[in-house]
Amino acid sequence: MKKLLFILFSTALILSVAGCNSAVSSNAQKIKKVVVGTGTQFPNICFIDDNGKLTGYDVEVVRAIDDLLPDYEFEFKTLEFSNLLLSLETKKIDMIAHNMAVNEERKKKFLFNDETYNYSPLYITVNEKRDDIKTLNDLEGKKAVVGATSNAAVFLNKYNKEHDNKIEIVFSGQGADDTAAQLKTGRADATLSTPFAVNFYNEASDAQQKIVGDIIINSQVYFLFNKEEEELKAKVDEAVKKLKENGTLAKLSTDWLGADYTVEN
């Protein structure tokens, strides 16, 4: 009798453990990995810090979203900014977190989430010794350097079409570092940049930049997804709303960007 009870107990224990392992396996299978494309050269947005860690406002917002969505696991993949959209289009990544603003060309191919997580005010930015440039009119006949697929490039190209191509637009070779070098050496006359990027480069590398005039573009910033990722987009929007409500988003913006850019300035 005792032997029979032992066999029954052992069998029950084995089935119980098997059931637990099956549940764990099932839960693990439910977690969806999301590959997030970002960069390493956007000051305070997405960059490598002195300890070799990928961080910045956009990166930490995604990490905060990850904490709120247990059914998803967010993994970063760093790319050159010019490769981000192509990587999303070819599904090498599932999402972009790189201070992305809406424009018509991007809307045709990709899905933007509904809940903006930042505003990115772009000003004309020049060498601190320049006093001859304050408006777009002042840029006519001069050279402006921008990222090839950036919203600044889209804006200036549109401006040129409407104003007989009066601004010479050149594209930066190595991201923000090259832009800073061109402004410092006088190879370019201006760029479009944010106050927090200008402050970062001035403090980090004596870039000798200043913003001038009024805001040229005050873009709302969103995450980008593949068109079929409606469910992921909805989950991210839900998480961003919570981060706004509990104050996390404003704190991250203040910590990384020097002010609360989660509301329009």
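May I ask for the angle, rounded to the nearest 10°, between helix 175-185 and the longest principal axis of the chain, with both axes built from Cα atoms and the value confined to 0 to 90°?
20
With charges only on Cβ, +1 for K and R and -1 for D and E, what is the dipole size of region 139-265 about its Cα centre, in debye, rounded to 20?
Numbers: 15 positive and 20 negative charges, 41 e Å.
Approximately 200 debye in magnitude.
Let me make sure I get this right: for region 141-211, a, b and c are the square roots of the gyration tensor eigenvalues over alpha carbons, sorted descending. Under 1.5 in a/c it's rounded, otherwise prolate if a/b > b/c, else oblate. Which is it? If you can, show how the numbers build up before the last one.
Values: a/c = 2.10, a/b = 1.84, b/c = 1.14.
Because a/c hits 1.5 or more and a/b exceeds b/c, region 141-211 counts as prolate.
Above 22 angstrom, tally the Cα pairs of region 177-265 and express them as a % of all pairs, no decimals.
Details: 1819 of 3916 pairs.
Roughly 46 percent, rounded to a whole number.
Throw me the Rg/Rh for region 31-83, computed over C-alpha atoms with Kirkwood Rh, two decimals. Could you put the intermediate results ahead of the total?
Details: Rg = 11.4 Å, Rh = 11.5 Å.
Rg/Rh for region 31-83 comes to 0.99.
Please say if region 182-228 is rounded, prolate or oblate, where rounded means a/c under 1.5 for a ≥ b ≥ c the square roots of the C-alpha gyration tensor eigenvalues, and otherwise the choice is prolate for a/b larger than b/c and oblate otherwise?
Working: a/c = 2.24, a/b = 1.99, b/c = 1.13.
Because a/c hits 1.5 or more and a/b exceeds b/c, region 182-228 counts as prolate.
Report the FRET efficiency, 1/(1 + (r/R0)^6), for residue 162 and residue 31, where r is their Cβ-Cβ distance and R0 is 41 Å, rounded to 0.05.
Numbers: r = 49 Å, r/R0 = 1.19.
In this case the efficiency is close to 0.25.
Using unit Cβ charges (K, R positive; D, E negative) and no other charged atoms, how large, in debye to the nearest 20, is the dipole of region 190-250 about its Cα centre?
Numbers: 7 positive and 10 negative charges, 24 e Å.
Charge dipole, region 190-250, about its Cα centre: 120 debye, nearest 20.
Could you tell me the ratio Rg/Rh of region 88-178? Both radii from Cα atoms, Rh via Kirkwood.
Working: Rg = 15.4 Å, Rh = 15.3 Å.
With Rh from the inverse mean 1/r over Cα pairs, Rg/Rh is 1.00.
Express in whole angstrom the spacing between the alpha-carbon centres of region 226-256 and region 118-171.
A separation of 31 Å, based on Cα centres.
Please give the solvent-accessible surface of residue 73 in Å², to the nearest 10, using a probe radius of 1.4 Å with every protein chain present.
Residue 73 exposes around 90 Å² with every protein chain in place.
Whenever you get a sec, compute what percent of the accessible area on region 36-124 sits on carbon and sulfur atoms (1.4 Å probe).
Details: 1670 of 3830 Å².
Within region 36-124, the accessible surface is 44 percent carbon and sulfur.
If you plug each phi of region 110-123 into the Karplus form 6.51 cos²θ - 1.76 cosθ + 1.60 with θ = phi - 60°, what whole-Hz ³J(HN,Hα) values come out, in order, with x for Gly and Pro?
Karplus-based 3J(HN,Hα) across region 110-123 equals 10, 10, 9, 6, 8, 9, 4, 10, 6, 10, 10, x, 9, 10 Hz.
If each Cα of the chain is one equal point scatterer, what is log10 of I(q)/I(0) from the Debye formula at q = 0.12, 0.17 Å⁻¹?
-0.75, -1.35
Add -39500 (n - 2.57) for each DSSP H run of 4 or more in the chain, then divide by its residues: what number comes out at 222 nm, to the nearest 500 deg cm²/dmol? Before the final figure, lay out the partial values.
On the way: 9 runs with 116 residues, N = 265.
Theoretical 222 nm ellipticity from helices: -14000 deg cm²/dmol.
The values are calculated or read from the model by the stated rules, or taken from the named source; none is laboratory data. Computed from a prediction, not measured in an experiment: that's the story for all the values here. Cβ atoms come from the backbone with ideal geometry, glycine included; neighbour counts cover every protein chain shown. Protein only, heavy atoms only, side chains kept; ligands, DNA and RNA dropped before computing areas. Shrake-Rupley method; radii C 1.70, N 1.55, O 1.52, S 1.80 Å.
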